[in-house]
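Each remark here refers to the structure printed beneath this line.
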Amino acid sequence: MISIKAVLLDAERQQHQNDKLRLCMWKLRDIFYDAEDVIDDFKCEALRKQDAINHPNINNLKVRVLDSFCLPLSFSLKMSHKIKDINGRLGELATEWNSFDLRQCSDNRHVFRRETISFVDSSDVIGRDKDKENIISMLMKPSEDRNVPVIPIVGIGGLGKTTLAQLVYNDDRVTSLFPLKIWICVSEEFDLSRLLNLIIQSVNKEVRCDDLTLEALQACLRSLLNDKKFLLVLDDVWNENQAKWVELRNLLRSIDGLRQSKIIVTTRSLKVASLMSSICPYELKGLPFEDCLTLFTKWAFNDGDERHYPNLIRIGEEIVKKCRGVPLAVRTLGSLLFQKTDESDWIYIRESEIWRLEQHENDILPVLKLSYNHLPSHLQRCLAFLSLYKKDEIYLSDKIIRLWMANGLLEHAKQNQEWEDVGKQYLNELLSRCLIQKEEDFRLKFTFKMHDLVHDLALDVSQRECKIVNSKTKTVDENVQHLLLCDEKLVEVPRVLEKLEKVQTVIIQDSSLRSKIFDKSLINLCVSNFKYLRVLELRDSPLTALPNSIGTLKHLRELDLARSEDICELPRTFYKLYCLQSLNLGATSLKQLPDSVQRLIELRHLVITIEATHLKEIRAGCWTSLQYLELYNCFELECLPEGMQYLKSLRTLILTYCDSLVSLPRSLKLLTKLEHLVINGCTKINLEMEAEEEEDNDLQLSLKTLSLESLSVLTALPRLLLQGSSSTLQQLRIRGCPNLSILPAWLPNLTSLQKLEIVNCRNLSALPEGIDRLTNLRELRILRCPKLSKRYSENGGEDWHKIAHIQKVDIY
């Protein structure tokens with residue numbers, strides 16, 4: 001493995017030109033997946049032994065204790081055979097591997113692509129006039145400080161960032177405004193000596209600087225640029241190392257007259273844009289449909305020929321829609337059809353996925369693949385996993401993080417960091433690289449989408465691992481790992497799945513016609529074939545109960561039974577799901593949460609609906625990893641369970657529509673890691689806790705967000721929780737609390753508060769005195785609160801001056 005890993009990057013780069021090497025890479029991947037499964041077998045056995053120690057069988061105690069100290073013989077034999085088989089396969093592959101003459105190279109993820117130039121024929125560019133005018137107006141604005149004036153243009157590959165920069169660069173107004181213009185294609189690496197060399201050569205080609213030291217290069221550049229007004233274009237920048245940019249920026253700052261000059265940067269990364277510029281980046285959007293159609297026609301036909309083929313134009317309109325406004329995609333598909341007038345050729349392009357079409361180096365998919373190649377390997381796997389869903393899917397951030405976690409796609413968390421934090425970092429990284437786009441921000445999560453062309457890219461790199469199955473599916477690769485069953489016509493489990501053995505994810509989506517027989521058949525298939533299943537999503541299942549055989553899925557990490565309204569109990573074997581990390585039993589008809597669920601010590605995410613008035617007491621040592629607990633539609637629940645203080649890792653607690661809940665237990669004050677508390681629709685709850693104790697004065701809690709919604713009897717905020725979090729609370733949301741008439745005088749002690757939202761609290765007449773002491777408060781929203789709105793209105797409100805310091809104030 002060490003020798004293989006040493007040359008793996010070179011193999012990744014060469015496999016696209018070598019079919020034999022590419023096949024060898026797939027074999028290697030399959031071996032490593034099998035090795036991961038063996039390691040996971042040992043983890044499952046360790047958890048089983050731990051469970052045996054924690055919950056000994058009184059009737060067979062001697063056997064249990066003995067079993068807890070040694071591995072069962074059958075397990076040892078089974079594992080030894082598997083390890084021997086993997087080592088044998090790895091040895092055979094290593095011999096084949098050595099025949100490829102691969103070389104060791106560093107993991108610097110350099111991006112190699114063609115050189116760009118400053119020239120563009122403006123008659124070839126369609127639909128970018130408005131963008132050009134916007135950039136030119138930004139160039140004409142005077143600089144406000146001594147920082148290097150940088151205008152970043154950001155967008156995914158193929159969107160036309162370089163073309164837009166070329167249009168601006170060659171505009172007559174820009175030429176008259178900047179007597180000196182410099183175009184540098186940065187591309188492969190952001191090296192200071194290389195960039196200085198390129199800039200100097202662009203300004204004066206006669207200067208020889210190949211052998212000059214860095215000091216000499218700087219002096220030469222100053223002599224060429226001092227007191228000159230210039231426009232510098234840095235095209236195709238990938239560098240995310242701030243120190244490298246600061247080196248160049250500080251050198252440019254030393255040039256006399258720099259404030260009159262400007263820099264344009266094109267990049268695929270918002271992170272690059274933010275480290276190079278303090279101004280908001282210009283995020284380039286896709287072309288309108290009509291402009292795309294004009295561009296497509298230009299590339300698919302000789303001038304004027306399209307008039308003779310109205311039938312092809314109609315098909316062309318459908319092809320253009322697939323491109324979703326990306327000009328390079330339009331050009332790629334148009335050029336594939338150039339001088340082809342047979343309707344079958346056009347239909348083939350219309351019906352084919354873009355990633356399946358043959359493409360050249362500068363076509364859309366190879367250009368987009370540069371972004372993929374530039375990702376660290378762990379992000380490559382996470383991006384590829386997103387292809388499991390259909391195009392136009394609205395992804396939910398916390399769900400995707402759990403699926404990544406369940407499939408072992410997240411790197412090990414660092415000290416004081418949880419797996420969920422690693423997942424959030426990954427999503428933010430993909431957002432900053434424009435590979436996904438945020439749709440809507442909720443308090444604790446957000447939704448996002450993926451551009452169709454990026455989805456095509458993800459399909460291309462994951463084609464053997466992810467598969468969407470519908471009623472028309474005829475074949476599935478035997479090594480597929482992730483399945484999405486989605487089709488309303490899918491009334492029985494496709495027989496093509498019966499040959500699979502390596503499946504780790506099964507998700508049912510949009511299968512409203514499915515029956516109990518379908519779900520039972522699917523579970524039986526999972527139990528019999530998918531021994532290493534990690535994710536099973538059976539939302540809206542018509543099942544009344546899960547079979548006892550579910551307990552054999554010992555590798556299962558994620559089980560989602562949300563809205564399975566007929567399930568009222570769990571099988572007695574449920575405790576055997578030792579590895580389970582996430583369990584969703586929301587909107588079920590569960591009578592009570594059985595003891596078996598408390599035995600799941602790996603559980604991190606739990607959503608439950610029960611019909612009982614009380615939950616069983618949480619015992620010490622149970623749910624020690626639990627991060628997220630949501631009680632949803634527990635209409636009869638009168639109190640939270642005893643033993644809440646044992647949930648030492650709990651960070652999020654959500655109570656939704658627990659109509660009979662009247663109070664919170666004082667044990668919540670012992671949850672020092674609790675960061676997010678949401679109480680919604682609990683119509684009887686009163687948050688005034690029992691009499692405070694002396695030690696409560698020094699309480700140190702960690703709440704960051706508190707949301708109180710639709711609490712009809714609420715008259716006061718929870719003092720104990722809020723004052724204990726006075727230095728950590730960042731967001732406070734109060735909605736639909738008609739009996740709340742006063743906010744506490746101690747509210748201004750919440751020194752870290754950044755956002756305060758008050759909605760539909762009609763009896764609330766004033767904010768507390770000292771609200772102006774909340775210097776970190778950035779946003780205040782007051783909606784449907786007539787007394788407050790009048791008092792704090794910017795137009796004549798008597799107390800407007802008390803909130804005028806807040807950056808964003810919305811009052812309606």
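The values are calculated or read from the model by the stated rules, or taken from the named source; none is laboratory data. Small disclaimer: the values here were computed from a predicted structure and weren't measured. Neighbour counts are summed over all protein chains in view; Cβ atoms, including those assigned to glycine, are modelled from backbone coordinates with ideal geometry. Remember, those area values only see protein heavy atoms, side chains included, never the ligands or the DNA or RNA. Shrake-Rupley method; radii C 1.70, N 1.55, O 1.52, S 1.80 Å.
Condition first: on the phi > 0 side of the Ramachandran plot and open to solvent by less than 40 Å² (accessible area, probe 1.4 Å). Can you find one or more residues in the stretch 580-588 that meet it? Yes, the conditions are met somewhere in the stretch 580-588. Among the residues of the stretch 240-261, those identified as open to solvent by less than 20 Å² (accessible area, probe 1.4 Å) and either without any contact (Cβ under 8 Å) to a residue 60 or more places away in the chain or among the polar types (S, T, N, Q) (or both) are W245, L248, L251, I255, S261.
The single condition among (1) modelled with pLDDT under 95; (2) touching an Asp or Glu at 6+ places or on another chain (Cβ under 8 Å) that F448 does not satisfy is (1). Summed over the stretch 417-447, the residues that are within 20 Å of V272 (Cβ to Cβ) and open to solvent by less than 50 Å² (accessible area, probe 1.4 Å) give a count of 10.
Yes or no, residue by residue, for (1) under 28 Å from K321 (Cα atoms); (2) in the same structural domain as G316 (by the TED database):
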{"position": "T341", "(1), (2)": "yes, yes"}
{"position": "R350", "(1), (2)": "yes, yes"}
{"position": "N362", "(1), (2)": "yes, yes"}
{"position": "L365", "(1), (2)": "yes, yes"}
{"position": "L383", "(1), (2)": "yes, no"}
{"position": "S397", "(1), (2)": "yes, no"}
{"position": "W404", "(1), (2)": "no, no"}
{"position": "G408", "(1), (2)": "no, no"}
{"position": "H412", "(1), (2)": "no, no"}
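For the stretch 206-238, name all the residues that are in a loop (DSSP other than H, G, I, E, B) and either under 22 Å from E188 (Cα atoms) or of a type in the set (S, T, Y) (or both). Residues satisfying the conditions are C209, D210, D211, L212, T213, W238.
The residue that is modelled with the lowest pLDDT, counting only those in the stretch 747-777 that are open to solvent by 60 Å² or more (accessible area, probe 1.4 Å) and under 20 Å from S793 (Cβ atoms), is D772.
Pick from the stretch 493-510 the residues that are open to solvent by 10 Å² or more (accessible area, probe 1.4 Å) and more than 25 Å from the chain's Cα centre (by Cα): which of them is nearest to K399 (Cα to Cα)? That would be K502. Listed conditions (1) part of a loop (DSSP other than H, G, I, E, B); (2) open to solvent by less than 60 Å² (accessible area, probe 1.4 Å); (3) closer than 20 Å to Q504 by Cα are all met by K390, apart from (2). Of all residues in the stretch 774-809, those that are under 18 Å from R762 (Cα atoms) and either of a type in the set (S, T, Y) or not assigned by the TED database to the domain that holds Q754 (or both) total 3. If only residues of the stretch 540-563 that are open to solvent by 30 Å² or more (accessible area, probe 1.4 Å) and of a type in the set (V, I, T) are counted, the one that is nearest to K489 (Cα to Cα) is T544. Residues that are closer than 27 Å to F32 by Cβ and among the small types (G, A, S) are absent from the stretch 507-514 altogether. In the stretch 392-413, the residues that are without any contact (Cβ under 8 Å) to a residue 24 or more places away in the chain form Cβ pairs under 8 Å with partners that are of a type in the set (A, V, I, L, M) and open to solvent by less than 40 Å² (accessible area, probe 1.4 Å), at six or more places apart or across chains, as follows: W404/L410; A413/V422. The single residue among S193, S202, S187 that is surrounded by fewer than 20 Cβ atoms within 10 Å (Cβ to Cβ), part of a helix (DSSP H, G or I), out of contact with any Leu (no Cβ under 6 Å at 6 or more places or on another chain) and in the same structural domain as K262 (by the TED database) turns out to be S202.
With E688, E675, E709 as the choices, which residue is open to solvent by 30 Å² or more (accessible area, probe 1.4 Å), touching a strand residue (DSSP E or B) at 6+ places or on another chain (Cβ under 8 Å) and over 30 Å from H55 (Cβ atoms)? Walk me through how you get there before you give the answer.
Working: E688 fails: touching a strand residue (DSSP E or B) at 6+ places or on another chain (Cβ under 8 Å); E709 fails: open to solvent by 30 Å² or more (accessible area, probe 1.4 Å).
Residue meeting the stated conditions: E675.
Filtering the stretch 308-339 to residues that are open to solvent by 20 Å² or more (accessible area, probe 1.4 Å), of a type outside the set (V, I, T), out of contact with any Gly (no Cβ under 7 Å at 6 or more places or on another chain) and touching a residue at least 12 places away in the same chain (Cβ under 8 Å) leaves Y309, N311, E317, E318, K321, K322, R331, S335, L336, F338, Q339.
Taken over the stretch 170-193, the residue count meeting the criterion of being closer than 15 Å to D236 by Cα and of a type outside the set (V, I, T) is 7.
Tell me, please, whether a residue that is within 18 Å of T588 (Cα to Cα), open to solvent by less than 60 Å² (accessible area, probe 1.4 Å), assigned to a loop (DSSP other than H, G, I, E, B) and not assigned by the TED database to the domain that holds D41 can be found in the stretch 524-539. Yes.
The requirement of being crowded, with 22+ Cβ neighbours inside 10 Å, without any contact (Cβ under 8 Å) to a residue 40 or more places away in the chain and not polar (S, T, N, Q) is satisfied by C634.
Return yes when S344 is closer than 28 Å to I156 by Cβ, assigned to a helix (DSSP H, G or I), hydroxyl-bearing (S, T, Y) and open to solvent by less than 70 Å² (accessible area, probe 1.4 Å) and no when it is not. Answer is no for this residue.
Considering only the stretch 719-742, I want to know if a residue exists there that is modelled with pLDDT under 90, open to solvent by 20 Å² or more (accessible area, probe 1.4 Å) and basic (K, R). Yes, that holds for at least one residue. Annotation note: Cβ proximity below 8 Å between a residue of the stretch 594-616 that is closer than 28 Å to K49 by Cβ and a residue that is acidic (D, E) and assigned to a helix (DSSP H, G or I) (sequence gap 6+ or interchain) occurs for R599/D51; I601/D51; R604/E420; K616/D595. Among the residues of the stretch 291-305, those that are in contact (Cβ under 8 Å) with a residue 60 or more places away in the chain and open to solvent by 70 Å² or more (accessible area, probe 1.4 Å) comprise T294, K298. Here G316 meets the list (1) farther than 28 Å from I200 by Cβ; (2) in a loop (DSSP other than H, G, I, E, B); (3) within 35 Å of the chain's Cα centre (by Cα); (4) not basic (K, R) almost entirely, failing just condition (2). Only residues that are within 44 Å of the chain's Cα centre (by Cα) and under 13 Å from L251 (Cα atoms) were counted in the stretch 199-221, giving 6. Among the residues of the stretch 270-290, those identified as in a loop (DSSP other than H, G, I, E, B) and either out of contact with any Leu (no Cβ under 9 Å at 6 or more places or on another chain) or open to solvent by 70 Å² or more (accessible area, probe 1.4 Å) (or both) are S277, S278, I279, C280, K285, P288. Filtering the stretch 599-624 to residues that are surrounded by fewer than 22 Cβ atoms within 10 Å (Cβ to Cβ), of a type in the set (S, T, N, Q) and either outside any loop (DSSP other than H, G, I, E, B) or at pLDDT 95 or above (or both) leaves nothing.
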